[in-house]
DNA sequence: GCCTCCAAGTAATACGTATAACGTCGACTC
DNA sequence: GAGTCGACGTTATACGTATTACTTGGAGGC
């Protein structure tokens, strides 16, 4: 009770158990086989329990030279998607005794543009979404093990990459809509410079170009319901034959597209088919429910963390993109004969 | 280049600058006024820059006895709400040189039921949502400074609390619906044991009890769109006069209620008015847009972090609940004359 | 009876930092 | 010219842990 004000250390435990500090470390670190008798070990464990002893992580990290903590850099948390990525990454991390610290990218997160300063933690590695591009230069400065999420595999300077098979998702969307008979498309694209959106644009163009008689226009919008509403309304009200299918870069944009259609008196899917990408909770809250591409955010996070663990252990990370799946719901139908 | 494989330490910087390690610490810690000449200081800074020196946080934390890192315990991240709380808390934290580590509660986060083990960080304090109740006993074990979010002020054992004025939100909803003429209510309640939901139930009952001729039934549902769909459909299909107003504990439940109404052939708001609580992006994606209570999640997080900083500095945290605001949209209307 | 060896620990040390306590050297005072 | 003082540093130390060496008291072999 002499040191009741400060947290107990391993030395306090040692004193309480009548052993040396080294013995405490041995017992609690589970390295005591053949070094400490079972009875003494039990005495130590009991003392630790009585004092509610918790090892000082800072000291341990210093001694060990690593922290079992990694940083996850994401563009934002405002959507379930990256929340899911975090959850998946944190689960795998916990299974391996790691913790995950989050750095949601700079827009308004404070004066510190430096992800390492803001996340006050000593780190063993970094997982970064390519959408948080502004933080990346700072990250490359530190030579920490790095895994990139949804990033150009050929352009990431040797960092390991883990990607969703977005291109395949877009193929499935295009195939679905073409199969229904659509030929006039509008692509509602995210107004964000990122590889993952480039892939959508490129792949959609490629798929449609392969079918004679198709046309496609593109409108750009910030990733928000209201932003998409404005952009989609303008694009749909433009002169010329109206598109019959509206392919959106993600579900939020699709929700904005619904509102635009409503304003213009168009009915989904009778007058216009709409597709999304993500399969957020939003997708089934819409009326009609949204045909979209399901991305497994948690699996994405898990694979990201697994890849980082592989890098840390100097193993080769698993290769192969994560498959995605088209979910057909009520927002797509054959075009009405005009 | 002798130690090129390992990260440079302050001693390396000292050697490169031709000074002692202490001088490096002084200069980089900005405590050198009157102790080191300007020219020497500049030489040190230059050496640090050249070597891309970053102080070892583990060593610093050990020396300083604190980590400037706090833990945020939330029930889940799958909705924007707690993502917003995190964002707000992290912003204030960053402004004060703190970092925030996240612990989304146990459902499926791994074998470690212990938030401190899972978040591999040495902590200075904890902010915990009362909805993550299962983690709380573990948290109380450690005598860390604690701030509770949305928790019973009288029952939180002396921990500081920061609350949204949910009761006032419910009052506004009740007043709005009563003013429109509604008398038969259905309360779609979250099936989660938490103070914040108890407040909703209690306050709604109190408000309606004050008006003669009102009736209210209650249905419980897990907080998910599909869960709410099932519960709401059953409740609305029950015998007896149908409620004309459906008060939901949050926006997700309201989204499920929309689907239930649709299935039963009821139109919102003509046949039934619906209200939510949260004002997620979901609220304006619904058709008609949802009348709901806007909670400022980021402000909530900011206030939580401010309160924790106050506790850490032995100041009294700001008192007073955070005001909320009814947002009237298209999902509420006078009851149709039956 | 002496050497060996093992069980059961302990003493000592290093990790990288921040800071308190301590030099040293020149200029200035009187 | 002795004493004082400020400017500019340096030396030493502690934070709490994990781990590598070392000690010691016997038990067993021959």
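The values are calculated or read from the model by the stated rules, or taken from the named source; none is laboratory data. These numbers were taken from a predicted model, which means no experiment stands behind them. Here the Cβ positions follow ideal geometry from the backbone for every residue, glycine too, while neighbour counts run over all protein chains shown.
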Requested in this report: Those residues that are surrounded by 19 or more Cβ atoms within 10 Å (Cβ to Cβ) and outside any helix (DSSP H, G or I), I need them from the stretch B:37-53; list them, please.
Outcome: B:53
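For (1) within 19 Å of residue B:84 (Cβ to Cβ); (2) within 14 Å of another protein chain (Cβ to nearest Cβ); (3) out of contact with any helix residue (DSSP H, G or I) (no Cβ under 9 Å at 6 or more places or on another chain), each residue gets a yes or a no:
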residue	(1), (2), (3)
B:270	no, no, yes
B:275	no, no, no
B:283	yes, yes, no
B:287	no, yes, no
B:292	yes, yes, no
B:297	yes, yes, no
B:303	yes, no, no
B:307	yes, no, yes
B:313	no, no, yes
Query raised in the report: What pairs come up if the first residue lies in the stretch A:57-74 and is without any contact (Cβ under 8 Å) to a residue 12 or more places away in the chain, the second is within 15 Å of DNA strand D (Cβ to nearest atom) and not in a loop (DSSP other than H, G, I, E, B), and their beta carbons are under 6 Å apart, counting only those six or more places apart or on different chains?
Result: A:58/B:58; A:58/B:61; A:58/B:62; A:59/B:62; A:62/B:58; A:62/B:59; A:62/B:62
Query raised in the report: Being modelled with pLDDT of 90 or more, under 21 Å from residue B:92 (Cα atoms) and more than 7 Å from every other protein chain (Cβ to nearest Cβ), is that true of even one residue in the stretch A:75-97?
Result: no
Query raised in the report: Looking at (1) within 12 Å of chain A (Cβ to nearest Cβ); (2) without any contact (Cβ under 8 Å) to a residue 40 or more places away in the chain; (3) out of contact with any strand residue (DSSP E or B) (no Cβ under 8 Å at 6 or more places or on another chain), which is the only condition residue B:20 fails?
Result: (1)
**Report entry** Selected residue (only one of B:28, B:71 is within 40 Å of the chain's Cα centre (by Cα), closer than 28 Å to residue B:123 by Cβ and either within 10 Å of DNA strand D (Cβ to nearest atom) or modelled with pLDDT of 95 or more (or both))
**Finding:** B:28
Report task. Quick one: which residue in A:176, A:182 is part of a loop (DSSP other than H, G, I, E, B) and closer than 15 Å to residue A:334 by Cβ? Result -> A:182
